[in-house]
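One structure is given below, encoded as structure tokens.
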Amino acid sequence: MTMKLETPAQIDFSAEVSEWIEAFDDVVADDWQHGAELLETLRQRAREAGVPTPSDVTTPYRNTIPKHDEVPYPGDRTLEKRVESLIRWNAMAMVHGQNKKDAGIGGHISTYSSLATLIEVGFNHFFRAKYGEEPGDFIYFQGHASPGVYARAYLEGRFDDDRLKNFRHELRDTPGLSSYPHPWLMPDFWRFPTVSMGIGPLNAIYQARFMRYLENRGLIKATPRKIWAFVGDGETDEVDTLGAISLGSREKLDNLIFVVNCNLQRLDGPVRGNKRIIDELEGMFRGAGWNVIKVIWGSDWDALFERDHTGLLLRRMEECVDGDFQTFKAKDGAYLRKEFFGKYPELLALVSDMTDEQLERLHRGGHDPAKIYNAYKRAIEHKGGPTVILAKTVKGYGMGSSQARNATHNEKKLADAELAAFVKRFDIPIPEEAAQHGTPYRPAQDAPEIVYMQERRRELGGHIPKREVPKLDFTAPALDYFGEWTAGSNNRAVSTTMGFVSILRHLLKDPTIGKLIVPIVPDEGRTFGLESVIRQVGIYAAEGQRYTPHDADMLLYYREAKDGQILEEGITEAGSMASFTAAGTAYANYKVPTIPFYMYYSMFGFQRIGDMVWAFADSRGKGFLMGGTAGRTTMLGEGLQHQDGHSHILASTVPTCVTYDPAFVYELAVVIQDGIRRMYEKGEDLFYYITMYNEDYPMPAMPEGSAEGILRGIYKLKPAAGEVVAQLFGSGPILNEVLRAQEILATKYGVHADVWSVTSYTELRRDALAVERWNRLHPAEKERVPYVLNALGDAKGPIIAASDYMKALPDVLSPWLPSRLVTLGTDGFGRSDNREHLRRHFEVNAEAIVGATLSKLAREGKFKPKAAQKALADLGLNVDAADPARA
Ligand SMILES: Cc1ncc(C[n+]2csc(CCOP(=O)(O)OP(=O)(O)O)c2C)c(N)n1
Ligand SMILES: [Mg+2]
């Protein structure tokens, strides 16, 4: 039941309108949702009648939930306030104390100070750690608020004093606390990396979708679990934050709740000094179909609103922009009286019985547990779509002269007087001297407030955040399971991409692991020949297929299904990467070891969404990134924007990313088999980046004994037919050019060379670096030998290495192959042309490889220089051509 509304006094309604309003008020008094439905139906009716009905996307600058619709707060406000004060102190003490000890170590106080009540209400009443045996709610915390999350864990007894004192000291004798949420660094604690702005909210949206996907496919039970994403208002400037919000409403993700901490400030100053960020976000989210709940004013404003019968208070609020609101909080109550209320005598009169101090303490909604509780309650009860809560807060809340200042974001230390004021204000029982040193304070575990907070958490299923990895009970298929692909293609010309798609289909059919495979594509399925997979397992569509596809009568029709397995993301590599992240971490978050294969244009991977890949690695994600249409010269026709000759270099920067550049389908099969084994059977925290190409050629059978070399990064593919004077390295489709060069060298110039397939320069380098480090640290022990040198043994002569990637890729081996290595690669911008011309342009065709070999041999006195020069001409190499690296 709701209360009856008052009629706004200043409007003189006609009798007819008054009757309508009265009738509507009666409906609302009974059930506000019914009122909303009625309005919507009327609007619909008006449209049918041709009456224009522009719908506002913003509402007045007031709380969405009116006072009379609020439910009473269920918690013990006194004890909760006490707990929050203690957390506030410890969060601040942690940062302040550390910076006093170790100047410049950094940390943030003001973000958490604005967020505290918003997350405390969640911790005390909403965030469930589990639903029975099922996973609980997932919380994406604002990264810069981590001191507050640590301080809570400290009060809960999860960290001791030493741990707290090692905030941002991770490399000491006793364990420390990482600056921000990093599962890599604190694998028992954090689950979701959020500190790179925009990545948390984007991942949260796709996480909510993936949760539904797992439910709809029967891999997990449906529960009321929610995903909460706490987002900074400044963070909403990132395209990543808002770019995918329509997915939330399109897929009816009522398991998703955003809370935007609208403290009106970012790092440098106001988020929207001249406007109101809350209005802007309300319009965006409502326009995208979200349920928007504004929590702007605290309860103490309610009385003022009630006493204001003129509507002037709201009008005054709407005259102000965020720059004003910030200033009101940076200054005192007297200023607020003069500049805000003072504009109208009626408003001055409204607050005449209040002291300046009382005015200063007028709360914003985001600091009022009752308002927050009501908003959260509505959010979790909302059906049919996601909810965003726009909560107005104060940055640096309670930090004395730093509160709401432009510089507050970077405040790390407080002056002694401010610390004293803080402990007094929040009633922390420690001596002034201790306060100045930022001494943590924790009451005994049997203190009433601690008992209370622990009880609340027990009720909600345990502590949060917490990351647990169940023991994986997983057996990877053995290599002979892939026999069809290791046997070669019987002279049929196929591409590695085609080979991969048929491996994928085989895996999808597997009775044990088939259901765990998650194929992901960003509108590129046809490019990779996935039509048959679409038919086989269907595209996931939460609502099934509500139309008859035009190709329904064809064998390979476009099949969408509620339990479809493919995530066809549309044209969003960032969104696809977010799905890959949800699927690649499901082994921990849902205890379901899904195995994602994300296939995409390799050019639009690392360089486009590299930061998300970094966060994926931080999350200890597993899975396969399949970079398709790879290679600067193998991807023909498309030119500069599409031809990738560097993703392997970018991939090599991610510590847990294992990369391969296979030439043949059997290499691919070996790598995928071993990848599944290492990630899911052995439980290694790795993921794979594998390039695939669209050039067709016959795939040879796997040479006996080559598996180890394939996985370590190099093996001898075709020995020379005569006395060896040189070594040729090839990777990907350029290996075919290398084989052709071997032939030309032998037949035309009597030069014999071995041919090696290099599947991963990066893995070879990592091994060599690890061996070298060991040797450096153990000078008295027998020296170990890097795998690449072991594999080469006494192979003679210079090494000419060619790939479809930049020269920097083979060059990573040069420390171990001094003066022997000549690299050919595809540095420079791509061109629109066919492979033949591209390879000539980039000097990676067989002729260029032959020329480079003869040239190097000439420099070493093993071939006549003049003959080498003539050979270059005979081979058609233009020695005066512009360098493709800069052409
Ligand atoms: C991608 C990215 N760019 C820049 C930063 C640096 N940075 C950290 S916090 C911050 C301001 C955050 O403002 P807001 O989102 O409003 O959060 P608040 O601290 O005000 O709650 C910036 C720019 C970052 N962490 N990530
Ligand atoms: Mg902010």
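The values are calculated or read from the model by the stated rules, or taken from the named source; none is laboratory data. Keep in mind that what you see is a predicted model, and the values were worked out from it rather than measured. Counting neighbours? That spans all protein chains shown, and the Cβs are built from the backbone with ideal geometry, glycine included. For the accessible areas, the whole protein counts, side chains as well, though only heavy atoms, and no ligand, DNA or RNA atoms are used. Shrake-Rupley method; radii C 1.70, N 1.55, O 1.52, S 1.80 Å.
Using the structure shown, decide if ASP162 is free of Cβ contacts under 8 Å to residues at least 24 places away in the same chain and either closer than 22 Å to LEU86 by Cβ or in a helix (DSSP H, G or I) (or both).
Answer is yes for this residue.
Anything in the range 95-114 that is surrounded by 22 or more Cβ atoms within 10 Å (Cβ to Cβ), more than 16 Å from PHE426 (Cα to Cα) and of a type in the set (A, V, I, L, M, F, W, C)? List them, or say none.
Selection gives VAL95 alone.
Could you please tell me which pairs satisfy a Cβ distance under 8 Å, a separation of 6+ or placement on different chains, a first residue in the range 255-267 that is among the small types (Gly, Ala, Ser), and a second residue that is assigned to a loop (DSSP other than H, G, I, E, B) and near ligand 2 (Cβ under 9 Å from one of its atoms)?
none
If you go through the range 814-865 one residue at a time, how many are in a loop (DSSP other than H, G, I, E, B), within 42 Å of the chain's Cα centre (by Cα) and either under 19 Å from THR747 (Cα atoms) or of a type in the set (A, V, I, L, M) (or both)?
3
Can you name the number of the only condition in (1) surrounded by fewer than 23 Cβ atoms within 10 Å (Cβ to Cβ); (2) of a type in the set (Gly, Ala, Ser); (3) under 16 Å from ALA583 (Cα atoms) that ALA208 fails?
(1)
In this structure, is ASN274 open to solvent by 10 Å² or more (accessible area, probe 1.4 Å) and more than 13 Å from ligand 1 (Cβ to nearest atom)?
yes
Quick one: TRP774 ticks every box in (1) more than 35 Å from the chain's Cα centre (by Cα); (2) open to solvent by 10 Å² or more (accessible area, probe 1.4 Å); (3) among the aromatic types (Phe, Trp, Tyr) except a single one, so which number is it?
Checking TRP774 against (1) more than 35 Å from the chain's Cα centre (by Cα); (2) open to solvent by 10 Å² or more (accessible area, probe 1.4 Å); (3) among the aromatic types (Phe, Trp, Tyr), the one that fails is (1).
Could you tell me how many of the residues in the range 758-810 are closer than 27 Å to VAL844 by Cα, assigned to a helix (DSSP H, G or I) and either touching a His at 6+ places or on another chain (Cβ under 8 Å) or of a type in the set (Gly, Ala, Ser) (or both)?
Total meeting the criteria: 6.
Just to check your reading of the model, which residue among GLY283, GLY298, GLY243 is of a type in the set (Gly, Ala, Ser), more than 21 Å from the chain's Cα centre (by Cα) and surrounded by fewer than 17 Cβ atoms within 10 Å (Cβ to Cβ)?
That would be GLY283, the only listed residue that is of a type in the set (Gly, Ala, Ser), more than 21 Å from the chain's Cα centre (by Cα) and surrounded by fewer than 17 Cβ atoms within 10 Å (Cβ to Cβ).
Restricting attention to the range 379-387, does a residue exist that is open to solvent by 60 Å² or more (accessible area, probe 1.4 Å), part of a loop (DSSP other than H, G, I, E, B) and at pLDDT 95 or above?
yes
Are there any pairs, at least 6 apart or on different chains, whose C-beta atoms fall under 6 Å, with the first in the range 344-363 and part of a loop (DSSP other than H, G, I, E, B) and the second of a type in the set (A, V, I, L, M), and if so, which?
TYR344/LEU312
Could you check the range 513-547 and list, in sequence order, the residues that are open to solvent by 50 Å² or more (accessible area, probe 1.4 Å), without any contact (Cβ under 8 Å) to a residue 12 or more places away in the chain and under 30 Å from ASN255 (Cβ atoms)?
ARG546, TYR547, listed by residue number.
Starting from residues that are in contact with a Pro (Cβ under 8 Å, 6 or more places away or on another chain) and over 21 Å from LEU242 (Cα atoms), keep the ones in the range 561-584 and report whichever is surrounded by the most Cβ atoms within 10 Å (Cβ to Cβ).
Across the range 561-584, the extreme among qualifying residues is ALA583.
Do we find a residue being hydroxyl-bearing (Ser, Thr, Tyr), within 11 Å of ligand 1 (Cβ to nearest atom) and under 18 Å from the mean Cα position of the chain (by Cα) anywhere in the range 200-209?
The answer is no; no qualifying residue exists.
Spot the failing condition for ILE372; the list is (1) out of contact with any Lys or Arg (no Cβ under 9 Å at 6 or more places or on another chain); (2) surrounded by fewer than 24 Cβ atoms within 10 Å (Cβ to Cβ); (3) of a type in the set (A, V, I, L, M, F, W, C), and only one is missed.
Result: ILE372 fails condition (2) only.
With respect to GLU704, determine if the residue is of a type in the set (Asp, Glu), in a loop (DSSP other than H, G, I, E, B) and open to solvent by 10 Å² or more (accessible area, probe 1.4 Å).
yes
Among the residues of the range 223-232, is there at least one that is among the hydroxyl-bearing types (Ser, Thr, Tyr), away from ligand 1 (no atom under 16 Å from the Cβ) and at pLDDT 95 or above?
Looking for residues that are among the hydroxyl-bearing types (Ser, Thr, Tyr), away from ligand 1 (no atom under 16 Å from the Cβ) and at pLDDT 95 or above, one finds at least one in the range 223-232, hence yes.
Regarding VAL231, is this residue at negative phi, open to solvent by less than 50 Å² (accessible area, probe 1.4 Å), in a loop (DSSP other than H, G, I, E, B) and within 16 Å of ligand 2 (Cβ to nearest atom)? Outline the logic, then answer.
On the way: at negative phi: yes; open to solvent by less than 50 Å² (accessible area, probe 1.4 Å): yes; in a loop (DSSP other than H, G, I, E, B): no; within 16 Å of ligand 2 (Cβ to nearest atom): yes.
Here the answer is no, as VAL231 does not meet what is asked.
VAL292 fails exactly one of the following numbered conditions: (1) touching a strand residue (DSSP E or B) at 6+ places or on another chain (Cβ under 6 Å); (2) more than 23 Å from LYS67 (Cβ to Cβ); (3) away from ligand 1 (no atom under 16 Å from the Cβ); (4) not in a helix (DSSP H, G or I). What is the number of that condition?
VAL292 satisfies every listed condition except (2).
Out of (1) hydrophobic (A, V, I, L, M, F, W, C); (2) farther than 23 Å from PRO593 by Cβ; (3) crowded, with 22+ Cβ neighbours inside 10 Å, what's the single condition that is false for LEU504?
Every condition holds for LEU504 apart from (2).
Pull up the range 135-176, narrow it to residues that are more than 18 Å from ARG458 (Cα to Cα) and among the basic types (Lys, Arg), then point me to the one that is surrounded by the fewest Cβ atoms within 10 Å (Cβ to Cβ).
Applying the filter and picking the extreme gives ARG172.
Given the options GLY722, GLY683, name the one that is outside any helix (DSSP H, G or I) and at positive phi.
Sole residue among the options that is outside any helix (DSSP H, G or I) and at positive phi: GLY683.
Let's see how each residue does on (1) touching a residue at least 60 places away in the same chain (Cβ under 8 Å); (2) exposed (fewer than 13 other Cβ atoms within 10 Å of the Cβ):
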residue: ARG839; (1), (2): yes, no
residue: VAL844; (1), (2): yes, no
residue: GLU847; (1), (2): yes, no
residue: SER855; (1), (2): no, no
residue: PHE863; (1), (2): yes, no
residue: LYS866; (1), (2): no, yes
residue: GLY876; (1), (2): no, yes
residue: ALA881; (1), (2): no, yes
